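Worksheet: the structure to be examined is printed underneath.
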Amino acid sequence: ISLGMYYKDDITDFLNWFTGYVESMGAAGPPAYMLLYLGLEILAVPAIPVTMAAGLIFGPAQGTAMVSASATAAATASFLIARYALRDRVKDIADGNPKFAAIDRAIGEDSFRVVCLLRLSPLLPFALSNYLYGLTSVRLWPYVAGSWLGMLPGTFAYVSAGAVGRTIAEVGEGAAGADSHLAQIAAGFGFTVVTGAYITRLASNALKDVEEDMNSI
C-alpha cells in the first residue's frame, strides 16, 4: 500500500500507457493482457491496478472473465511451485508436532471449504497466500475450485471499478449514451460492494467455526 501511494503517479502513467497499448494490439490484446497478469501474480507483484485496468480496457463482463482465468492460473502455478519445492520440509515439521500435523490434515480434508472462505475473507495477501497453500496438505483440485469461486466477487468489484472510471471519463468527454452506461455500471458495482461486504462477514464468521473445530483436535 505504501509503495502504491508513493508511486501512484507512476502507476497511473503506466496504466494509461498500458491501456492504450493493449487496445492498439487488437485481437492480440486479450492474450497479451492475460500473460502479463499471470506473470505479475507468480512474481507476487500487487496486481490490483492491472485488475482495474481490465475494466478500463475490456469492460466489466469480459474483464472479469479474463482476470478470473488469469488469477486462477497464477494461483495454481504458485501453489505447485511451493508444493514441489518446499512441501517436504513442512511435512518434516508436521511429523514432529502432533498438533500441527492434525491441523494440517484437517485443512487437507476440507480443502475446498477452507480455501474458498479464506479467498472470500481477505485475511492474506493474494500472491503470498498462493505459495502458502502449497505448503499445506490442501488438495490441488479443491484448491483450484475454491480459489476460483472465492476470488470471483472481489475480482468483479475491482474490474467494475475500472469500468466505472472509464465511463466517468467518457461522460466528461460527452460520449453518447455514457450517462446511461455509467448508471448501469455504478449500480452493478454498488451491488457488488454491498454483497461482497456481506459475504466477507459470513466468511469471517465461518472461518471462526473452522478455527474452533481445529483447536478442538
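Once the Cα-Cα distance is subtracted from the 0.36 nm per residue extended length, the A145 to R89 segment shows a gain of 17.6 nm. Modelled label positions at A77 and D13, each set 7 Å beyond Cα in the direction of Cβ, lie 2.8 nm from each other.
R105 to L128: extension gain in nm, 0.36 nm per residue of separation minus the Cα-Cα distance? Kindly include the intermediate steps, with their values, before the conclusion.
On the way: separation 23, 0.36 × 23 = 8.28 nm, distance 2.12 nm.
Net length gain for the segment: 6.2 nm.
Put Y21, Y84 in order of accessible area, highest first, and with a 1.4 Å probe you get Y84, Y21.
The values are calculated or read from the model by the stated rules, or taken from the named source; none is laboratory data. Remember, predicted model here, so these are calculated numbers, not experimental data. Positions of Cβ are generated from backbone atoms using ideal geometry, with glycine treated the same way; all protein chains shown enter the neighbour counts. The accessibility values were calculated without ligands, DNA or RNA, using every heavy atom of the protein model including side chains. Shrake-Rupley method; radii C 1.70, N 1.55, O 1.52, S 1.80 Å.
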